[in-house]
Protein chains: 2
Amino acid sequence: MENPVLVEVTRGNRVESRHRGMVVAVDGDGKVVFALGDIDAAVFPRSACKAMQALPLVESGAADAYGFGAKELALACASHNGEPEHVALAARMLAAAGRDVSALECGAHWSSDQAVLIDQARTLERPTALHNNCSGKHAGFVCAACHTGTDPKGYVGYDHPIQAEIRGAMESLTGAALAHDNCGTDGCSIPTYAVPLKALAHGFARMATGTGLAPGRARASKRLIDACMAEPFFVAGSRRSCTKLMQIAPGRIFAKIGAEGVFCAALPDKGIAIALKCADGASRAADAMVAATLARFFDDTPEIKASLMAHANHAMRNWNGIHVGDVRVTGALAA
Amino acid sequence: MENPVLVEVTRGNRVESRHRGMVVAVDGDGKVVFALGDIDAAVFPRSACKAMQALPLVESGAADAYGFGAKELALACASHNGEPEHVALAARMLAAAGRDVSALECGAHWSSDQAVLIDQARTLERPTALHNNCSGKHAGFVCAACHTGTDPKGYVGYDHPIQAEIRGAMESLTGAALAHDNCGTDGCSIPTYAVPLKALAHGFARMATGTGLAPGRARASKRLIDACMAEPFFVAGSRRSCTKLMQIAPGRIFAKIGAEGVFCAALPDKGIAIALKCADGASRAADAMVAATLARFFDDTPEIKASLMAHANHAMRNWNGIHVGDVRVTGALAA
């Protein structure tokens with residue numbers, strides 16, 4: 001199935017580049033309320049499903065035992081900029097479990113945000129695993145393992161109890177089978193599983209509504225999503241799309257990007273979740289797509305709808321600040 | 001017309017993202033020798049046509065008057081990393097015309113190469129226009145203007161004599177009409193004109209072969225292309241695709257990337273030029289596309305062909321160095 005062009009990038013009076021993709025929005029029962037493109041295609045959610053991967057941290061009791069609040073839970077669901085607040089909080093999470101940076105198996109990298117990278121270059125010889133955008137998620141894995149008496153060593157492996165538990169939770173939420181056949185390795189070395197886009201959306205709709213979930217999972221899901229919405233800086237950081245989207249409608253939008261053009265989002269008070277992918281993997285397109293899709297559900301709040309559409313459709317300026325073109329969603333997505 | 005999928009990005013045993021695009025190779029007469037996708041679509045060449053934009057520098061006699069050799073001419077055709085050698089040479093070019101950084105109208109930005117950016121952050125308070133990837137091209141504009149007694153001020157403007165001369169040269173080379181209707185503003189503030197992809201390739205084939213060109217233009221074209229092939233570091237820099245591609249077959253490949261997924265290339269000893277665009281604007285795909293297209297023309301030199309295909313199809317590794325997937329061209333492009 002051919003996916004439609006959903007985002008155009010213009011220059012002068014011409015379209016310069018075009019992004020295709022697929023979008024689906026479902027309710028807690030999995031009923032499709034909006035769809036474009038091949039929503040049955042299997043997609044690696046990458047970092048967009050970190051809130052699912054954080055369930056063992058809460059469900060095991062580790063989060064309570066270590067006194068974690070909304071900031072720590074948000075960081076466990078985060079792809080953060082490696083700003084000082086993110087790095088310090090990841091270290092404190094590990095310290096709560098009696099561990100330190102040496103327990104992290106995510107690898108190290110400089111920030112992907114230019115301003116943060118410049119600060120890092122001026123203050124660090126090199127980044128550590130605490131600066132990795134996934135350090136909060138990995139600290140959560142270590143904490144969940146330690147609290148349950150499991151050796152965290154090797155926690156990135158497919159067969160480690162933490163990954164097995166995550167796999168079970170994600171199978172239950174999405175209804176999709178997860179196994180070696182649809183498993184890839186993520187940037188931070190943990191397994192990532194390709195699942196149908198519609199199933200991914202349904203998983204987030206279940207988390208956002210609790211529909212069909214055991215009470216403990218429903219509570220843990222709500223706690224994680226509420227934490228992200230309460231502390232959007234800790235889910236991403238300065239200048240970042242997830243943070244900005246959640247700040248547009250505090251407490252009403254959950255949004256999480258994944259690599260290669262994936263975005264998942266939920267609207268808990270509307271009982272809806274969204275999953276989408278830009279087919280070519282472009283973040284700029286996924287960002288516009290999720291904002292425009294979210295906007296469809298805010299007819300009741302014109303100022304939120306307008307802010308979301310302004311996020312979706314925006315001017316591009318060059319090094320001299322001259323308006324050279326625009327990123328804009330196509331008619332299929334214009335709310 | 002639907003453009004075909006030309007590059008796939010895999011993870012595990014799945015295709016994660018797909019890039020569509022169009023590719024054309026022509027000879028000096030404009031005869032199409034290889035084509036995929038909509039090669040009549042109008043494309044902004046962006047920085048891929050900098051060698052065309054450097055013609056006035058040579059044709060005016062400015063390059064000779066100021067004693068410019070291959071390095072300076074390569075830098076005039078460059079999108080460079082802003083490494084110290086690039087910055088110093090751009091400053092020397094301006095000094096030859098009695099000017100300095102204040103004459104540049106390209107704006108300033110940090111390097112797009114992470115390692116260079118880290119060095120810049122540690123040694124500079126902020127970048128200047130000399131660090132702009134286009135500073136060599138702009139220094140060339142200033143030199144061409146100064147040598148011909150034209151005030152360089154406003155040289156980025158559509159109506160400035162330098163831009164008018166470039167417009168005429170590009171119309172003559174490509175056979176396409178360039179005017180306000182197909183004009184956009186580039187990242188560095190100069191005009192960029194959308195032209196049919198096939199016409200863009202024909203322009204470079206004329207430059208590489210001299211076919212149909214007046215002797216002065218043919219000489220200037222050869223001199224610029226030879227300069228880029230002789231000094232590939234000054235066309236881009238460390239870790240950069242243009243530099244690597246030209247180093248694979250010294251003196252036999254000219255290659256220049258442009259923003260939004262454009263690549264132009266020429267094979268002077270084969271009398272062929274190539275123009276291509278990844279429809280979604282992705283550089284990673286344009287890079288694979290140009291290497292695989294170049295490889296088609298090296299059946300006579302298996303080691304060059306193999307090096308080009310190794311550039312096109314390559315492994316992706318994560319922060320821990322684990323092989324997580326590949327960038328690869330599809331069957332349509334596999335040479």
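The values are calculated or read from the model by the stated rules, or taken from the named source; none is laboratory data. Since this is a predicted model, take the numbers as computed values, not measurements. Glycine gets a Cβ as well: all are built from the backbone with ideal geometry, and neighbour counts include every protein chain shown. When the accessible area is computed, the model is the full protein with side chains, heavy atoms only, and any ligands, DNA or RNA have been set aside. Shrake-Rupley method; radii C 1.70, N 1.55, O 1.52, S 1.80 Å.
Before moving on, here are some points about what is shown:
- Tally, over segment A:198-220, of residues that are β-branched (Val, Ile, Thr) and either in a helix (DSSP H, G or I) or more than 24 Å from residue A:294 (Cβ to Cβ) (or both): 1
- Residue B:326 vs. criteria among the acidic types (Asp, Glu), more than 30 Å from residue B:174 (Cβ to Cβ), over 21 Å from the mean Cα position of the chain (by Cα) and outside any helix (DSSP H, G or I): yes
- For residue A:263, the stated conditions hold: it is out of contact with any Phe, Trp or Tyr (no Cβ under 8 Å at 6 or more places or on another chain) and in a strand (DSSP E or B).
- Close pairs from segment A:109-128: first over 15 Å from residue A:80 (Cβ atoms), partner open to solvent by 20 Å² or more (accessible area, probe 1.4 Å), Cβ under 6 Å, at least 6 apart: A:121/B:122
- Pairs with Cβ under 9 Å, 6+ apart, first in segment B:78-93 and among the β-branched types (Val, Ile, Thr), second open to solvent by less than 10 Å² (accessible area, probe 1.4 Å): B:87/B:80; B:87/B:135
- Scanning segment B:214-239 for residues that are within 17 Å of residue B:76 (Cα to Cα) and basic (Lys, Arg) yields B:217, B:219, B:222, B:223.
- Tally of residues being without any contact (Cβ under 8 Å) to a residue 40 or more places away in the chain and open to solvent by 50 Å² or more (accessible area, probe 1.4 Å) across segment B:180-201: 2
- Only one entry in B:164, B:145, B:177 is surrounded by fewer than 23 Cβ atoms within 10 Å (Cβ to Cβ), in contact with a helix residue (DSSP H, G or I) (Cβ under 9 Å, 6 or more places away or on another chain) and either closer than 25 Å to residue B:266 by Cα or without any contact (Cβ under 8 Å) to a residue 24 or more places away in the chain (or both), namely B:177.
- Within segment A:119-149, the only residue that satisfies the criterion of being out of contact with any Phe, Trp or Tyr (no Cβ under 9 Å at 6 or more places or on another chain), of a type in the set (D, E, K, R) and assigned to a loop (DSSP other than H, G, I, E, B) is A:125.
- Subset of segment A:128-142 (residues that are within 14 Å of another protein chain (Cβ to nearest Cβ) and open to solvent by less than 40 Å² (accessible area, probe 1.4 Å)): A:129, A:130, A:131, A:132, A:133, A:134, A:135, A:137, A:138
- The number of residues in segment B:298-323 that are touching a residue at least 60 places away in the same chain (Cβ under 8 Å) and within 14 Å of chain A (Cβ to nearest Cβ) comes to 1.
- Selection status of residue B:97, buried (at least 24 other Cβ atoms within 10 Å of the Cβ) and either free of Cβ contacts under 8 Å to residues at least 40 places away in the same chain or more than 14 Å from chain A (Cβ to nearest Cβ) (or both): no
- Just so you know, in segment A:266-297 the residues that are in contact (Cβ under 8 Å) with a residue 60 or more places away in the chain and in a strand (DSSP E or B) include one that is nearest to residue B:188 (Cα to Cα), and it is A:278.
- Scanning segment A:181-191 turns up no residue that is outside any helix (DSSP H, G or I), within 14 Å of chain B (Cβ to nearest Cβ) and farther than 25 Å from residue A:261 by Cα.
- Filtering segment A:151-161 to residues that are touching a residue at least 40 places away in the same chain (Cβ under 8 Å) and either at positive phi or within 14 Å of chain B (Cβ to nearest Cβ) (or both) leaves A:154, A:155, A:156.
- Look at segment B:226-244: where a residue is in a helix (DSSP H, G or I) and a partner is of a type outside the set (Val, Ile, Thr) and surrounded by fewer than 22 Cβ atoms within 10 Å (Cβ to Cβ), sitting 6+ places away or on another chain with Cβ atoms under 6 Å, you get B:227/B:70; B:229/B:251; B:230/B:70; B:232/B:247; B:234/B:71; B:243/B:233.
- Considering residues of segment B:3-35 that are free of Cβ contacts under 8 Å to residues at least 12 places away in the same chain and open to solvent by 10 Å² or more (accessible area, probe 1.4 Å) only, the residue nearest to the other protein chains (Cβ to nearest Cβ): B:14
- Restricting B:251, B:261, B:271 to those that are at positive phi and open to solvent by less than 10 Å² (accessible area, probe 1.4 Å) reduces the list to B:261.
- Members of segment B:61-86 found to be surrounded by fewer than 24 Cβ atoms within 10 Å (Cβ to Cβ) and within 16 Å of residue B:188 (Cβ to Cβ), listed by number: none
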